[in-house]
């Protein structure tokens, strides 16, 4: 029991969330897109260590789950921008809290 909530009955929503955001890249991509739309290479530069193939797959997954949108801009050469949707924005508070927790966690670990 967590805070008086019967876990087996209510765990499905957490399971769905974890399945949607699983992996080490999706939250980082959402964090990178939080401020403004970005092109593929801009995201790749901010999310260091991700391969182009993995980034492409993660962007498709985030788009499928309506957390981001992909917009093709009619230019030559063609340009594509990714931006966070209102549904994706609903995760920003969670992403920011994880960011802040991570800062504090690093301090605790570094003090050991």
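The values are calculated or read from the model by the stated rules, or taken from the named source; none is laboratory data. As the structure is a prediction and not an experimental result, all values here were calculated from the model. Because the Cβ atoms are built from the backbone with ideal geometry, glycine has one as well, and the counts that use them run over all protein chains shown.
If I filter region 65-95 down to residues being without any contact (Cβ under 8 Å) to a residue 12 or more places away in the chain and part of a loop (DSSP other than H, G, I, E, B), which single residue comes out as surrounded by the most Cβ atoms within 10 Å (Cβ to Cβ)? Result: 90. Selection of region 12-40 for residues being at pLDDT 90 or above, farther than 12 Å from residue 59 by Cβ and over 10 Å from the mean Cα position of the chain (by Cα) yields 36, 37. The residue of region 46-56 that is nearest to the chain's Cα centre (by Cα), among those that are farther than 14 Å from residue 30 by Cα and part of a helix (DSSP H, G or I), is 54. All of 30, 62, 98 fail the test of being part of a helix (DSSP H, G or I), free of Cβ contacts under 8 Å to residues at least 40 places away in the same chain and surrounded by 10 or more Cβ atoms within 10 Å (Cβ to Cβ), apart from 62.
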